[in-house]
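Asker: The structure is given below, and queries will be raised subsequently.
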Amino acid sequence: MSAQARMKPRFSFAEPKWPVFLLLALVILTFAIPPIFNQASSAFTIYNVLQNTAVLGMVALGLGLTMIVGEFDLSVAGTYALGGMVAVKLGTGNPFVGLLAGLAVCVTFGLIQGLIIAKLKINSMALTLGGYLVALGLTGTIGNNKSQSFSNYDIGIQLNQPIGTVFSIRIFIGIAVFLAVFLLMNLTNLGRGMRATGGGRRASRTAGVRVDAVVILTFGASAGLAALGGILQAYCTATATSNPGLFPLIFAVTACLLGGLGLAGGRGGAFGIACGALTIAMLSELFSTVAAPQYVTGLFTGLLLIVVTTAASPYVVRKWRERRIDRSLKIESKALATSDSSSQS
Amino acid sequence: MSVVEDVLPSRFSISGMDARRKITLLVTILFFAILIFATVTTTGFYSVQNFKAIITAAAIVGIIAVGMTYIVISGNLFSLSVGITAAVSASTFIWALRFGLVGAIIIAVVFGAVVIGLQGLLIGFTGANPIIVTIAAGALQEAVAIWITGGVSVYPPENSPSFAFLVSPLFGIPFPVYVFVVAVVLGEVFIKRSRFGRGIYLMGESPRAGRTAGLPITRLTTGAFVVAGVCAAVAGILIGAFNQSGTMTASRTLTIDAISAVLVGGTAVIGGRGSVVRTAIGAIVIATISDLLLLRGYSTPVQLLVLGVIVTVVVILSYLNSERAGRS
Amino acid sequence: MSETLRLETQGITKTYGHLHALNDTSFDLRVGEVHALLGHNGAGKSTLVKILSGVVHPDSGTVRIDGEEVYPRNPRHAQDLGVALVDQELSLVSVLTVEENLRLGSRRVVSSEELRTLLDTLGLEHVKLTTLTGSLPIGEQQLVEIARALSRDAKILILDEPTATLSEPEIERVFAAVRRLAAQGKSVIYVSHRLGEVLTLCQRATVFRDGKVVGTKDVADLDRAGIVEMMLGHLPDFRTGSEKRTPENPQRISIQGLSIPPRVPAFDLEVQGGVIVALAGQVGCGASEVLRALAGLVPNARGTVNLNETKLPLGSAVKALAAGVFFAPSDRKEEGLFLSHSIVNNLVATRLPRVSRGGFIQKSRQNAVVMKLLGLTGIAPERRDLDVGVLSGGNQQKVLVARGINQPRSKMLLFDEPARGVDVGGRADIHDLIRGAAEQGNVVIFHSTDLDEVFDLADVIVTMFGGRVVSVRSRAEATPAAVLTDMTHGAEGISA
């Protein structure tokens, strides 16, 4: 960031509020629906939901940051796998070494992507598609095209150990990361710069925001967050898969869109992403509780994603805006009419 | 990077443009040099049998890539689930053999056209993001396929008509290659000479100008995706005939290969330019690369890695070469 | 306002190729003064603004602020020198809060209390610092933008067409804010076409014309007519008495109650083919919106439009084209032409069905059409496969205009700024093309902010201001002064 004097930090929360209601709705459903199928949700359900959100939510957070800046990182599904694989391969002696290695590799990867996107002004979706393939290819090559098991089972057990019935160290890590990003977005200049860049790139540049630096850092962060999620997953299951498929990406996109983020950028933040991620984790846990077959989750997430993407499409957004304009004009004309009639009497 | 640069309209200088073209030329020459070197130094490459293998692999991917070309030229980036649709079309074809060979082919083609065409309709009408929509549609197709088939392969029903000819050699060349050539010829003529094709090119160049000129954006987008759907289904039929069954695993790298074929062939990501013939060349190049890697003992991930690097480089070059690229 | 000079420019010259945007101009601004810059499009006032705000460098001349000679290198530097520009195009980020926008990119440390005081000074007491900027009405956003300029310690505030999109009460607020600022000793340069506002708000006015300063007068000594006369100068050589066109089967259009929320409440017009109608007005007058609505590019346009007794569907460009409506937008690069495609492709883009048979394009038919059009536009046939993007601006515009003419099924042709960015010779050619289209019986409506063009081409001049029609005159009875007056109609408003 440019040499700006430290300003008194002013807290501003500018995210849409409706994702919270959506989440609440899903909480209600999670407890209301299973009894219909002779099942029941319990504290263990909550624990599971939080466990999954801690991992996949991190990927969503990474993707979400790039969306807020007005870009899109398709490669998060790849860095998710790559981070886990590197950590498993290099962390047999000391899990922290594995963690650092995985993060270092992926963050560097992300920064390079960000650099190309920022300086060469390339469509981030197209570039990160290539990045996804490279990351996936690297993962498979390192892993010899099969899953690699992690010999250190202890770390997984420690991370997964239930604390207070519904929490665990893994979950605390997730909460800490979300909180850190939340504070970053709302308190620091970098966070403001990210939202400004997404909300109006040209205006931000003329106002002096270092747009290129913001973009580069954001892509480094998205890769790093996705890698962190993958590393957590790998340690906790003591396995690193060569190809986890596109589900992490689907989860992430749906979570972000449900969390109030837009594809155009500028809107939303960590709080919304957390709501969206929890919502989807709850949904899939709900299916699990009622013992629905695996494909049901895929079916619902796919449908949900289509619905949400359509809701975020230019056509729908425009129709919303037009309806709002029409409504406000009607209110104006009604107000004029009543004031006319009252002044005439 | 002064603010003045950003505020004043930026124009690539003439010398700057030439530099970019020079870089592209250099990279292309380098690439082919490496490729030829690799073919010469790989044992078993220069054999009739190997060439047949390459051309057959190129054929299947190529047919899908022909359809993908329409999507890319129309400015809608890519579809990330044509491979899945091909696999599901294969199962559909196998299942539909009870209606006779012709009936099965028609049903499979209609299936592919409808499934991918509907995505195109949604994308064209609402302007929803094509990549996300196609990813979601792919997940949906997979889920539904598993639901219906219970996760097991689909086998031809009793007393099905013979379909072996679809994959057998005809005058020494596998039948799919003929289908590929026909697809390329039809695809190229259609996109270059038809009214619809001209509309696709114009719309891909500038959707806004297209709208002002009265081009039917929704119809054109849907049409491009329908073509992609038909191509995916045809490839699926051939895959199904080859495997004599329908499974989901057949789709693993099809989508990526098809996208790579289009890009490597020189059709730009931004749309408005390119051709089917270029894609055909791209398909052969991609098949050659995969073949080389296989002959040298490298596994799928290495293929992915190499393809990923190639795709990234091609995307970068195509943006560098375009005056339209970049935003403020 | 004191007599002390805050800003002084002398001998400023700026040329672009052959065009003298500014020619040896001088201008001064006093402390605490509100000073208007007036002049037609291209007269030079926007170039001066760009120079003062550091966007553009002058070829020669000096700029003095508070007696010191300065050279604003870029917008950032200009800001440091105390010059703040509030442009027509708002540069606020709508997704940030008011406070964040005020702080965005600022080098100074400003406390929240200072920002609060600033907002109160501008009449924004009710706006909280934590409000999302995008949720404020445009008028208040404008004031926030002014607040941001002020928070950078601006001594000189340049407002470029600040009221073009504002409602009455919002305009009042801006005026009050400007008056308060002047009282505090800040100097304001007020660039506007709205003469009524200038007469109400400003102390002095400087009029530009053809890159030169015509004069600087105290507003107290001026009236609307006086300003108009200064802006017009000598009357150019207009074609007197347009030859009445009598086409055989003229089309007819009747527009009733066309409304385009939020800018255009109701627009009515009846036009017959063969008569060229101009919608004359400045930026924001609503003419562009009307043309676009007729062309089917405005989805939420309402109203009744009848083309030859058949209803013209609004909201679909495809249907409009099918109904015989052709539209040339003002921004030919972004919205009009397909720059990477050949002249041929661009010329036939709007008549693909006509050059095809059975779904396939017939080269022979395409060639026939293209050769005819090339002949009309004077572009050499050998160049027909060149990318349109490499053509000169004038030729590009000719291609854009030509692609709509000579179509047997066409009924109405709409042009938004038909000769924008074209030199005099090219403009004459384009106007000939348009006249030819009118000859064939088409309804022709065009919008222009350029009086010369309006008087050269139009048979009927409809002036627009603030989304409403101000007056309708035939070419014969219209004078440039009267039309310009109507185009710049003041804040008094018309009885609705």
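Asker: Quick one: dipole size for the protein assembly as shown, taken about the Cα centre, charges +1 on Lys/Arg Cβ and -1 on Asp/Glu Cβ, in debye to the nearest 20. Write down the numbers at each step before the final one.
Answerer: Values: 98 positive and 79 negative charges, 455 e Å.
Charge dipole of the protein assembly as shown: 2180 debye, to the nearest 20.
Asker: Now, a different point. Could you pull out every one of the lysines with an alpha carbon less than 19 Å from that of residue C:45, ignoring same-chain neighbours closer than 8 positions?
Answerer: Here the lysines satisfying the reach criterion relative to residue C:45 are C:14, C:212, C:217.
Asker: Counting DSSP beta bridges with both partners in chain C, what percentage is antiparallel, nearest 5?
Answerer: Working: 45 of 80 bridges.
Approximately 55 percent, going by the DSSP bridge assignments.
Asker: Could you work out the relative contact order of segment B:17-142? I mean the mean sequence separation of Cα pairs under 8 Å and 6+ apart, divided by the number of residues, in percent.
Answerer: Details: 71 pairs, mean separation 27.3, N = 126.
It rounds to 22 percent for segment B:17-142.
Asker: Could you work out the relative contact order of chain B, using alpha carbon pairs under 8 angstrom and six or more residues apart, expressed as a whole percent? Provide the component values of the computation, followed by the final result.
Answerer: On the way: 524 pairs, mean separation 105.0, N = 328.
Taking the mean separation of contacting Cα pairs over the length of chain B, I get 32 percent.
Asker: Next up: Using alpha-carbon pairs under 8 Å, 6+ residues apart, how would you state the relative contact order of chain A in percent?
Answerer: Details: 597 pairs, mean separation 111.0, N = 345.
With pairs under 8 Å counted, the relative contact order is 32 percent.
Asker: In the neighborhood of residue C:44, defined by Cβ-to-Cβ distances under 9 Å, what is the net charge if each Lys or Arg adds +1 and each Asp or Glu adds -1? Walk me through the intermediate numbers first.
Answerer: Working: positive: C:14, C:45, C:209, C:212; negative: C:210.
Value of the local net charge: +3.
Asker: If you fit an axis through the alpha-carbon atoms of helix A:43-68 and take the longest principal axis of the Cα set of chain A, what angle between them do you get, 0 to 90°, nearest 10?
Answerer: That works out to roughly 70 degrees.
Asker: Counting DSSP beta bridges with both partners in segment C:255-488, what percentage is antiparallel, nearest 5?
Answerer: Values: 17 of 35 bridges.
For segment C:255-488, the DSSP antiparallel bridge percentage is about 50.
Asker: What list do you get for A:282, B:68, A:58 if you sort them by fewest beta carbons within 10 Å?
Answerer: On the way: A:282 23, B:68 29, A:58 32.
Least crowded to most crowded, the residues run A:282, B:68, A:58.
Asker: If you don't mind, another one. Given a Förster radius of 30 Å and the C-beta distance between residue C:482 and residue C:306 as r, what FRET efficiency does 1/(1 + (r/R0)^6) yield to the nearest 0.05?
Answerer: Values: r = 30 Å, r/R0 = 1.01.
Once rounded, the FRET efficiency stands at 0.50.
Asker: Dipole magnitude of segment C:367-448 about its Cα centre, charges +1 at Lys/Arg Cβ and -1 at Asp/Glu Cβ only, in debye to the nearest 20? Please report the intermediate quantities before stating the final value.
Answerer: Values: 10 positive and 9 negative charges, 52 e Å.
That gives a dipole near 240 debye.
Asker: Still on this structure, I have one more. In square nanometres, what is the average projected area of the Cα convex hull of chain A? Intermediate values should be presented prior to the final figure.
Answerer: Details: hull surface 92.3 nm².
Average projection, Cα convex hull of chain A: 23.1 nm².
Asker: Okay, next question. In segment C:10-106, with Lys and Arg counted as +1 and Asp and Glu as -1 at Cβ, which of these residues, C:74, C:101, C:56, has the Cα nearest the positive end of the dipole, that is, farthest along it?
Answerer: Checked the options; the winner is C:56.
Asker: Shifting gears a bit: Between residue C:334 and residue A:153, with labels modelled 7 Å along Cα→Cβ, what's the label distance in nm to one decimal, could you check?
Answerer: Those two pseudo-labels are separated by 6.3 nm.
Asker: At 222 nm, what helix-only mean residue ellipticity would chain B give, in deg cm²/dmol to the nearest 500, using -39500 (n - 2.57) for each DSSP H run of four or more? The partial results should precede the final answer.
Answerer: Values: 13 runs with 235 residues, N = 328.
Per the formula, -24500 deg cm²/dmol.
Asker: Between the helical axis of B:276-295 and the dominant principal axis of chain B, each derived from Cα atoms, what acute angle in degrees is found, rounded to the nearest 10?
Answerer: The angle comes out at about 70 degrees.
Asker: May I pose another question? May I ask you to list, by number, the DSSP H helices of chain C whose Cα span along the axis is at least 20 Å and whose average Kyte-Doolittle hydropathy reaches 0.0 or more? Walk me through the numbers before you get to the answer.
Answerer: Values: long enough: C:168-183 (23 Å, 0.07); C:363-377 (21 Å, 0.15); C:424-439 (22 Å, -0.09).
Helices meeting the span and hydropathy rule in chain C are C:168-183, C:363-377.
Asker: If you keep only loop residues by DSSP, which chymotrypsin sites (Phe, Trp or Tyr not before Pro) in segment A:11-67 have at most 11 other Cβ atoms within 10 Å of their Cβ?
Answerer: Details: sites: A:11, A:13, A:21, A:31, A:37, A:44, A:47; in loops: A:11, A:13.
Listed in order of number, the matching sites are A:11.
Asker: Of the residues B:181, B:27, B:226, which exhibits the maximal mean-square fluctuation in a Gaussian network model of chain B defined by a 10 Å Cα contact cut-off?
Answerer: It is B:27.
Asker: Could you tell me the center-to-center distance, by alpha carbons, between segment C:98-138 and segment B:117-154 in angstrom?
Answerer: 47
Asker: In the neighborhood of residue C:400, defined by Cβ-to-Cβ distances under 11 Å, what is the net charge if each Lys or Arg adds +1 and each Asp or Glu adds -1? Please report the intermediate quantities before stating the final value.
Answerer: Working: positive: C:332, C:333, C:398, C:403, C:420; negative: C:331, C:335, C:416, C:417.
The answer is +1.
Asker: Still on this structure: Please figure out what share of the DSSP beta bridges in the protein assembly as shown is antiparallel and state it in percent, rounded to the nearest 5. Could the numbers behind the result be given before it?
Answerer: Values: 52 of 87 bridges.
That works out to approximately 60 percent antiparallel.
Asker: Give me the one-decimal nm value for the distance between modelled label points at residue B:178 and residue B:165, 7 Å along each residue's Cα-to-Cβ direction.
Answerer: Placing both labels 7 Å beyond Cα along the Cβ direction yields 0.8 nm.
Asker: A follow-up question, please. Which distance in nm do the two modelled labels at residue C:10 and residue C:248 give, with both placed 7 Å along the Cα-to-Cβ direction?
Answerer: 6.9
Asker: Still on this model: Would you mind getting me the FRET efficiency between residue C:372 and residue C:126? Use the beta-carbon distance for r and R0 = 41 Å, nearest 0.05.
Answerer: Working: r = 63 Å, r/R0 = 1.53.
The formula returns an efficiency of 0.05 here.
Asker: Using R₀ = 35 Å, calculate the FRET efficiency as 1/(1 + (r/R₀)^6) where r is the Cβ-Cβ separation of residue C:62 and residue A:188; round to 0.05. Don't skip to the end; give the middle numbers.
Answerer: Working: r = 43 Å, r/R0 = 1.22.
The formula returns an efficiency of 0.25 here.
Asker: Compute the helix-to-body angle for A:189-199: its Cα long axis versus the longest principal axis of chain A, expressed 0 to 90° and rounded to tens.
Answerer: 60
Asker: Read phi for every residue in segment C:465-470 and hand back ³J(HN,Hα) as whole Hz from Karplus 6.51 cos²θ - 1.76 cosθ + 1.60, θ = phi - 60°, with x for Gly and Pro.
Answerer: The phi angles translate into 7, x, x, 10, 7, 8 Hz.
Quick note: the coordinates plus some simple rules give every number you see, no bench work behind them. Keep in mind it's a predicted model, so treat the numbers as computed, not measured. Backbone-built Cβ (ideal geometry, glycine too); neighbour counts: all protein chains shown.
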